[in-house]
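Q: Sharing a structure, written as structure tokens. Questions coming.
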Number of protein chains: 2
Amino acid sequence: MRLTLLGSGDAAGIPLYGCDCDLCTAAAADPGLRRTASSALLESGALRLLLDAGQSNLCERFPSGTIDAIFLTHFHVDHLQGLFHLRWGIGESIPVYTPPDPEGCGDLYKNPGILEFVTLRQFETSRLGDLDVTPLPLNHSKPTHGYLFSDSRQRIAYLTDTKGLPSSTSACLADLPLDLVVVDCSFAPGVGSTGHNNLDDVLEIDRLVAPARMMLTHIGHGLDLWLRENPRRLPSHIGVARDGMRVFPHAS
Amino acid sequence: MRLTLLGSGDAAGIPLYGCDCDLCTAAAADPGLRRTASSALLESGALRLLLDAGQSNLCERFPSGTIDAIFLTHFHVDHLQGLFHLRWGIGESIPVYTPPDPEGCGDLYKNPGILEFVTLRQFETSRLGDLDVTPLPLNHSKPTHGYLFSDSRQRIAYLTDTKGLPSSTSACLADLPLDLVVVDCSFAPGVGSTGHNNLDDVLEIDRLVAPARMMLTHIGHGLDLWLRENPRRLPSHIGVARDGMRVFPHAS
């Protein structure tokens, strides 16, 4: 498996529109410092899967035939915005695997175009190519799935958006050797939210699940500032995502 | 008044995702041939108004403080997608004038962020700077407003999305000298649709309203092909929009 993070930000992103702090000023000038909507590309052999679809330029970035399927974590706009344009294409349909959510978002269900929405059930494993994919329930304001991807040798869990983990998910993950967990970490330590982790929550998930490596994603503006001011506060096996970063295999 | 078309396409756009026709192949290679979501920038003195917000890169294109207000024609995603990100900014709120539509789109009403949605009533004129703005009802699958912009010397009507015109709108416009009408022309002659004009419908609107100039926008893939095959079929006062085209004042 190869995992590349396409985006590492929350819905607002970096630069934050209208913000003139040093971080946002630098990111406005240097695309390498930006944080766009959290999403990832998972490749295994010839198989190419998108994890979330919040990048608005999916059509340009992934020409027809270069994506085999999309796994949506949930139906918030920052996790699916690219589908609004992609759906109007022609040719082969693209499976979009989702948690059960009768609301969906906007008119996607009504006008799916080339998208074929397929509802997955939590903990029911599917096989795609050489991969096993298992949806894991998360704690968020809409029905939300994290995903566990396994091949014969390795396991990666992609867990966003969430506040902590349901006990069923943490119990499932704690039983497995995990090579990498990519996890929602939107806020700095002590910052409250009902739908997203702060760094305290993430350290607790790390303690429960004990992965070999962990990458923080869905980084919010306040956390990004905090990380600049506290550059050495993370355990060595925990890294901070950047847009475009190849996070698996680990370049060690 | 100065009017610049930011986009000239329908929801699918050009290139059409997955299409390998000559038109789409050329547009994939040359950004100047693309058609993105129909929308426009209207400037009058220091006033800068967006007409629709379907461009997904509004945050980069219009830094904070460079847009005074947004006029939405309706709540379909291809006319507002850029708002999904823009709303999460900080600083001064941005008025978004809309037709009355209790549904809105996605969670925009629930989470407006810096956007201040203001419902307009048809035929009730508002004053912004030196401009009078009058919402005009259109025929579409959602509540939809065209807009008439007038200063002391000139009048521009922006009419998308629509199939024909309601008699109240055509009667209002027929009574006025119009410098420019920008109008939805999604389909080639004879192609049926309940929500969008084909070229026959547009020629009928032209006959009823008799503007000095008319620009076709919201161009669909089939019409774009038809226009290439029939380059001299339009009256001389009717032009075809392109993305980025300054359409008023007319460079004659």
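The values are calculated or read from the model by the stated rules, or taken from the named source; none is laboratory data. Remember, predicted model here, so these are calculated numbers, not experimental data. Quick reminder, even Gly has a Cβ in these numbers, built from the backbone with ideal geometry, and neighbours come from all protein chains shown. With ligands, DNA and RNA removed, areas are computed over all heavy atoms of the protein, side chains included. Shrake-Rupley method; radii C 1.70, N 1.55, O 1.52, S 1.80 Å.
Q: May I ask you to list the residues in segment A:88-97 that are part of a strand (DSSP E or B) and open to solvent by less than 20 Å² (accessible area, probe 1.4 Å)?
A: Keep residues of segment A:88-97 that are part of a strand (DSSP E or B), which gives A:94-97.
Within segment A:88-97, A:I94, A:V96 meet the criteria.
Q: Next question. List the residue pairs whose Cβ atoms are under 7 Å apart, where the first residue sits in segment B:55-69 and is under 22 Å from A:Q55 (Cβ atoms) and among the hydrophobic types (A, V, I, L, M, F, W, C), the second is open to solvent by 20 Å² or more (accessible area, probe 1.4 Å) and part of a helix (DSSP H, G or I), and the two are 6 or more positions apart or on different chains.
A: What qualifies is B:C59/B:H85.
Condition check ((1) at pLDDT 95 or above; (2) within 15 Å of the chain's Cα centre (by Cα); (3) of a type in the set (D, E, K, R)) across all residues:
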position: B:D151; (1), (2), (3): yes, no, yes
position: B:S168; (1), (2), (3): yes, no, no
position: B:C172; (1), (2), (3): yes, no, no
position: B:V181; (1), (2), (3): yes, yes, no
position: B:S193; (1), (2), (3): no, no, no
position: B:A210; (1), (2), (3): yes, no, no
position: B:M215; (1), (2), (3): yes, yes, no
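Q: Now for a separate question. Return the residue satisfying two criteria in turn: it lies in segment A:101-111 and is open to solvent by 40 Å² or more (accessible area, probe 1.4 Å) and out of contact with any Phe, Trp or Tyr (no Cβ under 8 Å at 6 or more places or on another chain), and of such residues it is nearest to A:R87 (Cα to Cα).
A: Top of the filtered list is A:N111.
Q: So which residues in segment B:1-29 are within 13 Å of chain A (Cβ to nearest Cβ), acidic (D, E) and more than 21 Å from B:L159 (Cβ to Cβ)?
A: Answer for segment B:1-29, where residues must be within 13 Å of chain A (Cβ to nearest Cβ), acidic (D, E) and more than 21 Å from B:L159 (Cβ to Cβ): just B:D20.
Q: Is it true that some residue in segment B:77-92 is among the charged types (D, E, K, R) and more than 10 Å from chain A (Cβ to nearest Cβ)?
A: No.
Q: Right, here's the next one. Can you pull out the residues in segment B:189-225 that are touching a helix residue (DSSP H, G or I) at 6+ places or on another chain (Cβ under 6 Å), surrounded by fewer than 22 Cβ atoms within 10 Å (Cβ to Cβ) and within 16 Å of B:L159 (Cα to Cα)?
A: Of everything in segment B:189-225, just one residue is touching a helix residue (DSSP H, G or I) at 6+ places or on another chain (Cβ under 6 Å), surrounded by fewer than 22 Cβ atoms within 10 Å (Cβ to Cβ) and within 16 Å of B:L159 (Cα to Cα), namely B:L208.
Q: Related question: In this structure, does A:L41 turn out to be in a loop (DSSP other than H, G, I, E, B) and open to solvent by less than 30 Å² (accessible area, probe 1.4 Å)?
A: Details: in a loop (DSSP other than H, G, I, E, B): no; open to solvent by less than 30 Å² (accessible area, probe 1.4 Å): yes.
So A:L41 does not fit the description; no.
Q: To continue, here is another question. For segment A:93-115, name all the residues that are facing chain B (nearest Cβ under 9 Å) and among the charged types (D, E, K, R).
A: Passing the criteria: only A:D107.
Q: To continue, here is another question. Looking at (1) farther than 30 Å from B:T125 by Cα; (2) surrounded by fewer than 24 Cβ atoms within 10 Å (Cβ to Cβ); (3) in contact with a strand residue (DSSP E or B) (Cβ under 7 Å, 6 or more places away or on another chain), can you tell me which one B:R48 breaks?
A: (1)
Q: Also, quick follow-up: Taking the condition closer than 24 Å to B:D184 by Cα, within 14 Å of chain A (Cβ to nearest Cβ) and in contact (Cβ under 8 Å) with a residue 24 or more places away in the chain, does B:S38 pass? Please lay out each step first, then the result.
A: Numbers: closer than 24 Å to B:D184 by Cα: yes; within 14 Å of chain A (Cβ to nearest Cβ): yes; in contact (Cβ under 8 Å) with a residue 24 or more places away in the chain: yes.
Yes; evaluated as a whole, the condition is true for this residue.
Q: For segment B:155-252, which fully contained helices (runs of 4 or more DSSP H) count at least 1 residues that are under 22 Å from B:F71 (Cα atoms)? Talk me through it step by step, then tell me what you get.
A: On the way: elements: B:167-174, B:199-209, B:221-229.
Helices (runs of 4 or more DSSP H) meeting the threshold: B:167-174.
Q: Oh, and also: Scan segment B:52-62 for residues that are more than 10 Å from chain A (Cβ to nearest Cβ) and surrounded by fewer than 24 Cβ atoms within 10 Å (Cβ to Cβ) and jot them down. Walk me through how you get there before you give the answer.
A: So in segment B:52-62, the residues more than 10 Å from chain A (Cβ to nearest Cβ) come out as B:52-53, B:61.
The one that is more than 10 Å from chain A (Cβ to nearest Cβ) and surrounded by fewer than 24 Cβ atoms within 10 Å (Cβ to Cβ): B:R61.
Q: Next question, about the same structure. Could you check, for segment B:65-85, whether at least one of its residues is modelled with pLDDT of 95 or more, small (G, A, S), touching a Lys or Arg at 6+ places or on another chain (Cβ under 9 Å) and open to solvent by less than 30 Å² (accessible area, probe 1.4 Å)?
A: Start the filter on segment B:65-85 by keeping residues that are modelled with pLDDT of 95 or more, which leaves B:65-85.
Remaining after also requiring small (G, A, S): B:65, B:69, B:82.
Filter once more, so that each one left must be touching a Lys or Arg at 6+ places or on another chain (Cβ under 9 Å): B:69, B:82.
If we keep only those that are open to solvent by less than 30 Å² (accessible area, probe 1.4 Å) too, we end up with B:69, B:82.
Looking through segment B:65-85, at least one residue is modelled with pLDDT of 95 or more, small (G, A, S), touching a Lys or Arg at 6+ places or on another chain (Cβ under 9 Å) and open to solvent by less than 30 Å² (accessible area, probe 1.4 Å).
Q: Just checking, does segment A:197-212 include any residue being within 30 Å of B:I90 (Cβ to Cβ), touching a residue at least 60 places away in the same chain (Cβ under 8 Å) and not charged (D, E, K, R)?
A: Within segment A:197-212 (the criterion being within 30 Å of B:I90 (Cβ to Cβ), touching a residue at least 60 places away in the same chain (Cβ under 8 Å) and not charged (D, E, K, R)), the answer is no, since none of the residues qualifies.
Q: Return the total of residues in segment A:1-37 being buried (at least 18 other Cβ atoms within 10 Å of the Cβ) and closer than 19 Å to A:H250 by Cα.
A: Residues meeting the conditions: 6.
Q: On the basis of being away from chain B (no Cβ under 14 Å), over 25 Å from A:G164 (Cβ atoms) and either open to solvent by less than 10 Å² (accessible area, probe 1.4 Å) or without any contact (Cβ under 8 Å) to a residue 12 or more places away in the chain (or both), does A:V133 make the cut? Give the steps one after another, and end with the answer.
A: Details: away from chain B (no Cβ under 14 Å): yes; over 25 Å from A:G164 (Cβ atoms): no; either open to solvent by less than 10 Å² (accessible area, probe 1.4 Å) or without any contact (Cβ under 8 Å) to a residue 12 or more places away in the chain (or both): yes.
No: the conditions fail for A:V133.
Q: Which number in (1) aromatic (F, W, Y); (2) open to solvent by 10 Å² or more (accessible area, probe 1.4 Å); (3) within 19 Å of the chain's Cα centre (by Cα); (4) under 20 Å from A:L108 (Cα atoms) marks the one condition that B:F117 misses?
A: With respect to (1) aromatic (F, W, Y); (2) open to solvent by 10 Å² or more (accessible area, probe 1.4 Å); (3) within 19 Å of the chain's Cα centre (by Cα); (4) under 20 Å from A:L108 (Cα atoms), B:F117 is out only on (4).
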